[in-house]
Structure formats: structure tokens, C-alpha cells
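K.L.:
Attaching a single structure in C-alpha cells format; questions to follow.
Where a number appears in this text, it was derived from the coordinates with a stated rule and is not lab data. These figures come from a predicted structure and were not determined experimentally. Glycine gets a Cβ as well: all are built from the backbone with ideal geometry, and neighbour counts include every protein chain shown.
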Amino acid sequence: MIIQPTSLAALTWAGAAAGSTAQSWRIGSVLSARPLGVSPLGLLVLQIGALTVETAITGNQLPAQFQVRVLSLGAQPLLEVLLPQPADPVLQRALRERLPQQNGYAPLLATLGALAQRPMLRQLPPNLRTALAGLEHGMRTPAEITQGEGLRLAISRSGLFLESQLAHAQGNLAALVEDDWKGALLRLAGLLDQRAQSPPPPNRADTAPPLLQRGLQAQARLPLPLLSDDEVSPLLDRLHGDVKAALARLEVTQLEAGIMQAWMIEIPLQGDGGRDVLQLQLEFINDTVDGNPGWTLGFALDLPALGPLQGELQLHGLRLSVRLWAEYAQTAQRLERQFAPLRQRLAACGVLLDQLSCQVGLPQPSGKYSAVLLQAIA
């Protein structure tokens, strides 16, 4: 695969020939790489270490994050893609069992919304009503996640870290489980298992790949199921399947996080007139230009008033780069009107803003993992 640097990358390469960038490109060095999107010419844009390059895909797609080893330098550096080691059989079996069962949170949130509107809900057993209330309590509000501490707590209680927190917890374990999204799902699933005469069928006819291999995807609200007001039993059967599918999706994400060393986190939100899903992708970056570690935070959200949104924040020390995407032009304009106050707030915090942009149209989602050699032209 031939990689031709963009004009910016070519300048970066030339200017860094004797600097820290060149040092990081020694033969045998291992660099982080990831797709950034597609150029106007239809070429795939990659970030490899500190450089941005373009390449024409020849049938193979690259994962959302991967590593490359420098095999040779010169005018055409040759890079080898390093894929993760195969998972152990136990992990593979667990993924195979859960992947066909998984589904997103949107169907579950739609079923919960329809169930909340049924007058017969008050006639359910008290323990089931309590479990439903616990699941509602686990959903965050927009006001909470727009604050740093609120977002940290939402991530912590998203279900992804429940077992780790229980293993290191001191104090009331029951309260920790009760306040966690996965804990609330498990409690409700147990009660619905007791009620059901048979296990719910899988919610999907196909088998979708894990979230990290799919990349960020904004998830729209689903319409509420159309049933008469006195029909609660069919909704509970539907809820049973939705809860099982949501648990399978969460457990696949937990299993995948142990392999990929990255986190894909989904947070259900109590939105305006309905419920939404905020998707976050968090990755620790070790090989920055200046040698200091950094973080990349991606997000995807589909709000009725704004449409699908996606963003990426890269933080290296006190330097921040922000890239936003919106499907609709009017949404991009609304976001750009907030750029000036955002710059002022960041400056007041001592953060140096290297980039702040918003593009119309969503970036191309990443493909699944494959092995390939990359040949770079610089």
C-alpha cells in the first residue's frame, strides 16, 4: 500500500529530518497509527506517529487503532502493520457467545419509554417496579455530563468498570452495584428471567462486530412500540430481550477493552422528550512528538434538534486540538457560533488551543482489523 503524504505532512517530514520526529522513525521503532478520514480525492488519511499521510486503499481496510513497525527509511519508508495477538480460547468463546446476542441501547430506551406511559405499570410487582426505577436512575442528564465531575462519574458508572470496582471496593458493595448501569441491568434481567417461561430470542438476525472495530457511530432515537394502553405483558417480553441484548453489548465491550487497550463507553441520557445515547471512545497515546503522553477522546451523539454529531479531542499536556463533524450545515453553523466563548474558556484555564474546526458531513467509520504492509513515500 503506497502512502503519499499530504502537503502538511510533507512539510512536517522535511522540517523534522533531524529532529524528534525523525528520531521516532528509526528502523525498528513502533508507532501508533489510526485513520483520520477520507481526503477530497478519495484517499484514506492516516496519522502515523507525528505525521499525516494519504493512501489509496487496495481492498484491505484498517482498524480504528493499530501500530506499525518501521522496516526501512529513505524516500519510501516501509512500515509493517502490527495486529494484536490472538485472544485466548476462553476470551474467543465468550465473544462468540455474546456477539450474536448484542444490540444497542436505543431499542431498550424506546421500550422503557413505552412502558412508562402504560397505566398498568402500577400493577407490576413492587420488586420489578423498583428495578425499573433503578434503571431510570442510572441514566444521566445533559446537565450532569457537561460538568467534568459529572462526566467522570457517568463514565465510572457506565457498567464498563463494574467488576474492577467491586474487586477493589471498600464499604457498601450493594450501593455500588445499585448505582451502576450494568448493575441495574443485571438486577432487572434477573427479575425478568424469573417471570419469563423461556429465554428471549436474540434481537439481531446478523452478527455485528464489537464497538471498537466499528468505530464511533451516532445512534438515533427509535420510535416507541405501538401497543394498546392495557398491553404490558408484550412490552415486558420485549424489555426482556432488550435488556439481555444491552448486557451482551456491554460485556463484549468489556472483553474487547482488555485486548485493544482502549475504551468504548456508552452512556444513556435523559434527553428532551426522550432518551439518547452518548458514545465515547477514550485512548491513551504514548508516542507523541515531544515524548509526553496524551489522550484522545472521541464522541458521537444524535440529538433530535441537531442531528448526528461526532467529535475528537486530542490533549497533549496543555495543548488541545478539537475537530467536530455535523451531518447538517445548520448544525455546523450553530456549533461554530460557540467557538469564540469556547476559546475564551480554554484560555482562562491555561489550555493552548492548536485546532478548532467543524466540518459538514460525518467522517468515514473505521473498518475491521486486517494484516497489511504499508509503503510510505515522503
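K.L.:
Which far-off residues, 5 or more places away or on another chain, put their amide H under 5 Å from the one on Tyr328, with H placed in the peptide plane?
P.N.:
Under 5 Å from the amide H of Tyr328: Gly361.
K.L.:
Take the Cβ-Cβ distance between Glu231 and Gln197 as r, set R0 to 22 Å, and report the resulting FRET efficiency rounded to the nearest 0.05.
P.N.:
0.80
K.L.:
Right, something else. For segment 89-260, report the convex hull volume of the alpha-carbon atoms normalised per residue, in Å³, without decimals.
P.N.:
Looking at segment 89-260, the number lands at 150 Å³ per residue.
K.L.:
Using the Karplus curve 6.51 cos²θ - 1.76 cosθ + 1.60 with θ = phi - 60°, what ³J(HN,Hα) values do you get for each residue of segment 213-220, in whole Hz, with x for Gly and Pro?
P.N.:
Those phi angles translate into 7, 8, x, 5, 9, 5, 10, 7 Hz.
K.L.:
Sticking with this structure for a sec: Rounded to the nearest 0.05, what FRET efficiency do Thr130 and Val30 have when you use their Cβ-Cβ distance and R0 = 56 Å?
P.N.:
0.65
K.L.:
What is the fewest-to-most order of Tyr328, Tyr105 by other Cβ atoms lying within 10 Å of their Cβ?
P.N.:
Arranged by neighbour count, lowest to highest, Tyr328, Tyr105 become Tyr328, Tyr105.
K.L.:
Further question on the same structure: Mind checking the full-extension length gain between Leu313 and Arg122? Use 0.36 nm per residue of separation minus the Cα-Cα distance, one decimal, nm.
P.N.:
Contour length minus the Cα-Cα distance gives 64.3 nm.
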